Amino acid sequence: MLDIVEAERLSRVALSQNPKLPHAYFVLAGLAVRDQALAAADRYVAEGLKGNPSDLPLLSMRATVRFLAEDPKGFEAPKAAILKLNPQYSRLYSIVGEFADWEHRYTEIVSLMKEAVALDSKDAKAEAELGFNQIRSGNDPDGVSALGRSFKLDPYNVRVFNTLEMYEGVIAKEYVTVSYPRFAIRYKNSERELLDRYVPQMMGRAFDVMQKSYGFTPEIPIGVELYAERENFGIRTGGLPQIAIQGVCFGKTLASMSPANESFNLGMTLWHELSHVFHIQMSKARVPRWFTEGLSEYETIARRPEWARGLDPELYRAIVDKKLPGAVDMNRAFTHANDESDVTTAY
């Protein structure tokens, strides 16, 4: 969870002590970008640059705003200014990539990180993000290779270490990927026989329903990964072993817990996550998180009314009436709700 409210408060406290502090303006601009308040983000950047017109992170944030505003020429101008000041400032791409991730633009992040490592072959963070996003895009071989290069540069990145350990030590030995006409499904070896009786057929029905409903066919095959262990699911999702969700979607691939060790509705979770595939690909990753979550909830309820979440009206009423225990500006907090890996989730 990103503590948006506290980040804003502390940034304003910092500016009250030092009105020219560039990093405070960087944080405030980043918060505005996450709200898609791009004009406000531009204002924060402009104000921060008054104190230091050559501040590279703030110039990178300006480039980020232009990137997300679908303004290629506007993106190239601050990019050129940054590289003129520091021809090896590959962090530019990591800053843009962080906010591109928030908007589901995983394929574009791959291109950004390739530029970063071409600029600085020793940028371990860029190599790591390249690897993570290649895996998210369904390109495991190249992704694992990039993570390996990152690990050689920085053997203390826990997310990279965990992911490499899982792919090389667990997935390679204990999991199998089975190809179907529209899906590539990863099972744990011991679960394949049972899950293979249900998952491909159910996913096929969901695909048919959504293809007809949206009049759109996503890129295939779609990767579907089913993990028997929460630790491995968490690592696959965000590089860390603890995560309190059942499913995630990366646009071309989706991952879920299997029902082996937990009690949850696998059908509802996979239906929800597959609908994200349609939304993200159909919109070319230009769909707000709140909207795709709402659409995915609709898709599950439309399929089976009993898949509706319980107590939604009561929860909404409590938020509106400010009666939710411990609630502080809950409408805003919910807008920014997110897990540590910045991925679309199903609960």
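Both radii come from the Cα set of the stretch 145-279: Rg as radius of gyration, Rh as Kirkwood radius; their ratio Rg/Rh reads 0.99. Placing M268, M210, M202 in order of accessible area, with the largest value first and a 1.4 Å probe, yields M268, M202, M210. Filter the trypsin sites (Lys or Arg not before Pro) in the stretch 18-74 to those in DSSP coil with at most 16 other Cβ atoms within 10 Å of their Cβ, and list the result. Here the sparse-neighbourhood loop sites are K20. Restricting the calculation to alpha carbons of the chain gives Rg and Dmax of 21.1, 64 angstrom. Among the protein heavy atoms, those of V110 account for about 20 Å² of accessible surface (1.4 Å probe, every chain in place). Loop-located GluC sites (Glu not before Pro) in the stretch 15-107 (DSSP state not H, G, I, E or B) with no more than 10 neighbouring Cβ atoms inside 10 Å: E70.
In a shell of Cβ-Cβ distance under 15 Å around A39, excluding A39 itself, what net charge do Lys and Arg (+1) and Asp and Glu (-1) give? Write out the running numbers ahead of the final one.
Values: positive: R34, R43, R62, R66; negative: D35, D42, E47, E70, D71.
Summing Lys and Arg as +1 and Asp and Glu as -1 gives -1.
Let me have the relative contact order for the stretch 1-110, percent, based on Cα pairs under 8 Å that are six or more residues apart.
Details: 119 pairs, mean separation 21.5, N = 110.
Across the stretch 1-110, relative contact order equals 20 percent.
Evaluated with a Cβ-only charge set (Lys, Arg +1; Asp, Glu -1), the stretch 142-228 carries a dipole of roughly 140 debye about its Cα centre, given to the nearest 20. Accessible area of D101 (1.4 Å probe, protein heavy atoms only, ligands and nucleic acids ignored): about 10 Å². The long axis of helix 91-102 is offset from the longest Cα principal axis of the chain by roughly 40 degrees. Note on the stretch 90-114 and the stretch 143-175: Cα centroid distance 20 Å, given to the nearest whole angstrom. Over the stretch 1-53, what is the relative contact order in whole percent, taking alpha-carbon pairs under 8 Å and six or more residues apart? Averaging sequence separation for qualifying contacts and normalising by length gives 33 percent for the stretch 1-53.
Under the definition of Cα pairs under 8 Å and six or more residues apart, what whole-number percent is the relative contact order of the chain? Intermediate values should be presented prior to the final figure.
Numbers: 507 pairs, mean separation 46.6, N = 347.
So the answer I get is 13 percent.
Taking Cα atoms only, the orientation of helix 124-136 departs from the longest principal axis of the chain by about 30 degrees. Pairs of alpha carbons in the stretch 19-166 separated by more than 27 Å make up 24% of all such pairs.
Spatial offset of the stretch 206-256 relative to the stretch 1-55 amounts to 34 Å, using the alpha carbon center of each. Note on the chain: with charges restricted to the Cβ of Lys and Arg (+1) and Asp and Glu (-1), its dipole about the Cα centre is near 600 debye.
So how do S256, S190 rank on accessible area, 1.4 Å probe, biggest first, that is with the largest at the start?
On the way: S256 0, S190 100 Å².
Largest accessible area first, the list is S190, S256.
When the residues R289, R159 are ordered by accessible surface, computed with a 1.4 Å probe over the protein chains alone, the sequence from largest down reads R159, R289. Please give me, ordered by residue number, the chymotrypsin sites (Phe, Trp or Tyr not before Pro) of the stretch 135-178 that lie in loop per DSSP and have at most 13 other Cβ atoms within 10 Å. Within the stretch 135-178, the qualifying chymotrypsin sites (Phe, Trp or Tyr not before Pro) (loop, at most 13 other Cβ atoms within 10 Å) are Y156.
In the assembled protein chains, F291 presents an accessible area of approximately 90 Å² (probe radius 1.4 Å). Amide H neighbours of A260 under 5 Å, at least 5 residues apart or on other chains, H built in the peptide plane: list them. For A260, no residues qualify.
Between Y175 and N189, the built amide H atoms are under 5 Å apart, and every one of these is 5 or more places off in sequence or on another chain. Distant-in-sequence amide contacts of E225, defined by a placed amide H-H separation under 5 Å and a gap of 5 or more residues or a different chain, comprise R186, L254, A255, S256. Rounded to the nearest 10 degrees, the inclination of helix 22-34 to the longest alpha-carbon principal axis of the chain is 40 degrees. Only helical runs count toward this figure. For the chain, summing -39,500 (n - 2.57) over DSSP H runs of n ≥ 4 and dividing by all residues gives -18500 deg cm²/dmol at 222 nm.
The values are calculated or read from the model by the stated rules, or taken from the named source; none is laboratory data. Bear in mind that the values here come from a model prediction, so they are computed numbers and not experimental data. As a convention, Cβ positions derive from the backbone with ideal geometry for all residues, glycine included, and neighbour counts pool all protein chains shown. Remember, those area values only see protein heavy atoms, side chains included, never the ligands or the DNA or RNA. Shrake-Rupley method; radii C 1.70, N 1.55, O 1.52, S 1.80 Å.
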